[in-house]
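What follows draws every value from the coordinates through simple rules; no lab data is involved. Nothing here was measured: the structure is a model prediction, and the numbers come from that model. Cβ coordinates were reconstructed from backbone atoms using ideal geometry, including for glycine residues, and neighbour counts include every protein chain displayed.
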Amino acid sequence: MSRPGMFLDSVGDVDLLPKVLDAASRFTGGPDDAAMSALAERTAAVPLFV
Amino acid sequence: MPIEQAEFGRTGHQSSRVIFGGAGLAQVSQRVADETLDLLLAHGVNHLDVASSYGEAEVRIRPWLQREPGRFFLATKGDERTAAGAREELHRSLDRMGVDHVDLWQLHSLADPIEWDTALSPGGALEAALEAREQGLIRWIGVTGHGSQIAATHRRSLERFDFDSVLLPYNFLTMQNPYYAGNFNALYETCRERRVAVQTIKSIALRPWAGRPHTRATWYEPLEQADDIDLAVWWR
């Protein structure tokens with residue numbers, strides 16, 4: 001949401017929707033790339049496309 | 001606290017920065033769908049995005065549109081690539097949602113090169129969209145897609161036709177791919193210049209399911225922890 005003018009389509013699972021909406025409603029600014037790299041490492045994220 | 005709003009491209013509509021992606025309604029009961037509506041209203045979400053291929057989603061939002069007339073910017077998508085098929089599909093969508101027009105109709109998942117050429121050539125789905133716009137059945141025309149090539153494909157689509165919106169994946173890990181990021185950033189700049197709305201998907205996608213049990217109704221395994229979802233939603 002930190003990128004101006006872009007819209008975010010919500011998650012395709014209604015049970016997760018409250019967390020996404022709650023996050024969006026509290027948005028004031030975004031994390032930096034270091035925080036996102038740490039998130040990717042902590043959660044064992046994998047690229048969606050190969 | 002309502003979710004902030006921004007102008008949805010050139011449409012003049014102030015849409016909530018989070019758009020309700022209707023795929024989640026594909027296989028839920030009307031009761032669950034109606035609970036979801038209450039949640040959306042509580043957070044100020046005023047833009048719905050469904051598709052003819054999202055199971056029962058178009059049917060599930062029909063009572064919403066009757067209960068809250070005029071509240072939502074209404075978008076749906078069609079998968080047919082020929083004009084004849086697309087006309088029929090659009091009318092089916094209107095019937096299922098109980099409306100006489102939609103705000104935005106999108107060519108859904110337009111990534112395959114052969115389908116792309118069919119849809120955007122004479123006799124293709126775009127022809128049906130232009131007719132429908134003339135007839136007042138739709139107001140704006142968009143294009144959506146998925147996959148590593150889609151940012152580049154959307155750039156080509158915008159060269160072929162002046163679409164009003166695009167939709168594609170966007171998250172931190174996907175943007176670490178230089179090819180994808182380069183095309184995404186170029187697409188973003190074009191869209192800013194031409195006031196084309198940019199919608200993103202997969203913001204909280206974590207990884208492919210890769211054989212693990214599907215514990216969520218999502219195409220990819222998602223982030224689950226609230227703190228992690230906060231970061232993913234807030235990221236640039």
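Numbers below:
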read-out	value
In region B:148-176, residue nearest to the other protein chains (Cβ to nearest Cβ) [restricted to those that are closer than 17 Å to B:Arg81 by Cβ and assigned to a loop (DSSP other than H, G, I, E, B)]	B:Phe163
Members of region B:133-167 that are more than 17 Å from the chain's Cα centre (by Cα) and at positive phi	B:Gly136
Answer from B:Ala33, B:Ala83 - the residue that is away from chain A (no Cβ under 14 Å) and aliphatic (A, V, I, L, M)	B:Ala83
Criterion violated by B:Asp117 - all others in (1) at negative phi; (2) surrounded by fewer than 15 Cβ atoms within 10 Å (Cβ to Cβ); (3) out of contact with any strand residue (DSSP E or B) (no Cβ under 9 Å at 6 or more places or on another chain) satisfied	(3)
B:Ile229, sole failed condition from (1) buried (at least 21 other Cβ atoms within 10 Å of the Cβ); (2) out of contact with any Cys (no Cβ under 9 Å at 6 or more places or on another chain); (3) closer than 30 Å to B:Ala83 by Cα	(3)
Residue selected from region B:177-206 under the condition over 23 Å from B:Leu231 (Cα atoms) and surrounded by fewer than 20 Cβ atoms within 10 Å (Cβ to Cβ), by the criterion farthest from the other protein chains (Cβ to nearest Cβ)	B:Ala186
Enumeration of residues in region B:36-50 that are at the interface with chain A (Cβ under 7 Å from one of its Cβ atoms) and touching a Gly at 6+ places or on another chain (Cβ under 9 Å)	B:Thr36, B:Asp49
